[in-house]
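Comments concern the structure below.
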Amino acid sequence: MRASIVRNIGLAFVALLLTAGVAEAHAGASGASGFFAGFLHPIMGPDHVAAMMAVGLWGAQLGRPAIWLLPITFPVVMAFGGLLGLVGAPMPGFEIGIALSGVLLGAAVLTEARPPLFAAAILVGIFAIFHGYAHGAELPVGENALFFSMGFVAGTGLLHGIGIVIGLLYQWRWGKVAVRAAGGAVGVVGAVFLWNAIA
Amino acid sequence: MTAGAICRILLLPAIVAMGVAVAPADANAHLMTTGLGPFYDGAAHFLMSPEAILPVAALGIFAGLQGLSHARAAVVMLPIGWILFGFAGVLTGPLDISPIYESVPLILLGGLAAANLRSPTWLTAVLAILLGMLEGYIFGSAASAIRDGMVGVVGTVSVVFITIALVTAAVMNATRGWSRIAVRVVGSWTAATGILLLGWGLRSNGSL
């Protein structure tokens, strides 16, 4: 009985895969064509992914109130950076700032740094502007700005969420090692991008 | 395996495939024509307009976090402002509004919901009626474009009332710490979306 249910579900899934989709002439992979284009935009850059996850890891490591302050404030600050990028405001050296964010946030997680909350918030906020600016400057003029923006914000929030969930391992002894190791990995990724940005 | 057994196995995927095949592929966000009449056209227009749903949800989150009197103010004043200016929009005709103006309620109401600052009840009432006036006018002018008229506006306001009532009620029932943080995150994401939309609007207009 159970095997037949599984088989039916599998067949239904295959049937869904075989259904024809709608061909859209201008739904380009890099175009501002909708929610999924915006959602994928922050996820496709490894430097951004590493830094966003490090923010989540650090927030979880710092505990309350940082763990909930972060997902509320970060998207707004990052969107402000995105606005600066969209309108073409000059921001020299933002790529170095992005790479530095990976190095410093990774190092903070690795060394279990516990600065005052306002200092951590300012540091993360500055990095958020750099990351938002880079995304904003890259966004093409699209046909559906609202859906793209919604997807962009949701994608960023997802990365934070993953970082926070991984950071929750910090409450166990082995988890502390894992979280610190993840911070170290982020720092290495950031160092590679910093080298590329400077060289 | 018999032919009957094969037919039974294929029945479910066949039904699913047929269901997917007949599902509508195109979604028209504006000027909805459901074929069910102007009332449902108006209701569907709101349900297909995230640029209107988001600020309404943000207002509901803000009011719900503030308490019962704020929730009552939002639930009453939003539909009043919406229907009055919806009728005005029907009379004045189609309106082409810049994304710059559409971003303002997202930023303001999303920011307030995220910040969760204590505020007087009259502020919530004023925000609700202002949002209702702006969105009502936009929706009313759209209803006039497809000749749905006042009935279309009434359909929209009915769904708006249900939406704001459900959101405020849900947020007021969110008493656990994490659930209140979750709704504030929704407010934050709404504000962030509004800020990006503002940037898009400024770039598209060549204002900067």
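The values are calculated or read from the model by the stated rules, or taken from the named source; none is laboratory data. These figures come from a predicted structure and were not determined experimentally. Here Cβ is always computed from backbone atoms with ideal geometry, including for glycine, and neighbour counts include all displayed protein chains.
Observations
Okay, residues lined up against (1) in contact with a helix residue (DSSP H, G or I) (Cβ under 8 Å, 6 or more places away or on another chain); (2) assigned to a helix (DSSP H, G or I); (3) of a type outside the set (Val, Ile, Thr); (4) away from chain B (no Cβ under 14 Å):
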| site | (1), (2), (3), (4) |
| --- | --- |
| A:Leu83 | yes, yes, yes, no |
| A:Ile98 | yes, yes, no, yes |
| A:Val109 | yes, yes, no, yes |
| A:Ala113 | yes, no, yes, yes |
| A:Ala119 | no, yes, yes, yes |
| A:Ile126 | yes, yes, no, yes |
| A:Ile129 | yes, yes, no, no |
| A:Leu159 | yes, yes, yes, no |
| A:Val165 | yes, yes, no, no |
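- Among the numbered conditions (1) over 22 Å from A:Asn144 (Cα atoms); (2) in a helix (DSSP H, G or I); (3) away from chain A (no Cβ under 14 Å), the only one that B:Ala114 does not meet is (3).
- Boolean, B:Arg203 is assigned to a helix (DSSP H, G or I), at the interface with another protein chain (Cβ under 9 Å from one of its Cβ atoms), under 26 Å from B:Pro94 (Cβ atoms) and modelled with pLDDT under 90: yes
- Checking B:Gly60 against (1) loosely packed, with under 13 Cβ neighbours inside 10 Å; (2) within 16 Å of the chain's Cα centre (by Cα); (3) modelled with pLDDT of 90 or more, the condition it does not meet: (1)
- Of all residues in the stretch A:59-73 being facing chain B (nearest Cβ under 8 Å) and not polar (S, T, N, Q), the one that is nearest to B:Ser103 (Cα to Cα): A:Ile72
- Residue in the stretch A:74-81 that is within 17 Å of A:Ala185 (Cα to Cα) and either out of contact with any Gly (no Cβ under 9 Å at 6 or more places or on another chain) or in a helix (DSSP H, G or I) (or both) present: no
- Number of the exception - A:Pro115 against (1) closer than 20 Å to A:Arg180 by Cα; (2) touching a residue at least 40 places away in the same chain (Cβ under 8 Å); (3) over 19 Å from the mean Cα position of the chain (by Cα): (2)
- Of all the listed residues (B:Ser158, B:Ser188), the sole one being at pLDDT 85 or above and away from chain A (no Cβ under 14 Å) is B:Ser158.
- Top-ranked residue of the stretch B:117-142 - restricted to ones that are part of a helix (DSSP H, G or I) and over 18 Å from B:Phe161 (Cα atoms), ranked as modelled with the lowest pLDDT: B:Ala142
- Within the stretch B:153-184, considering residues that are in contact (Cβ under 8 Å) with a residue 12 or more places away in the chain and among the basic types (Lys, Arg), the one nearest to B:Ala142 (Cα to Cα): B:Arg184
- The residues listed here are B:Gly81, B:Gly42; of these, the one that is surrounded by 15 or more Cβ atoms within 10 Å (Cβ to Cβ), part of a helix (DSSP H, G or I) and either at pLDDT below 85 or within 14 Å of another protein chain (Cβ to nearest Cβ) (or both) is B:Gly42.
- Filtered residue count, the stretch A:85-96, keeping only those that are part of a helix (DSSP H, G or I) and at the interface with chain B (Cβ under 7 Å from one of its Cβ atoms): 1
- Here A:Met150 meets each of (1) farther than 25 Å from A:Leu194 by Cα; (2) away from chain B (no Cβ under 14 Å) with one exception, condition (2).
- Residue satisfying all of: in the stretch A:56-73; among the small types (Gly, Ala, Ser) and not in a loop (DSSP other than H, G, I, E, B); modelled with the lowest pLDDT among these: A:Ala66
- In the set A:Leu158, A:Leu168, A:Leu100, only one residue is within 14 Å of A:Ala182 (Cα to Cα), surrounded by fewer than 24 Cβ atoms within 10 Å (Cβ to Cβ) and of a type in the set (A, V, I, L, M); that residue is A:Leu168.
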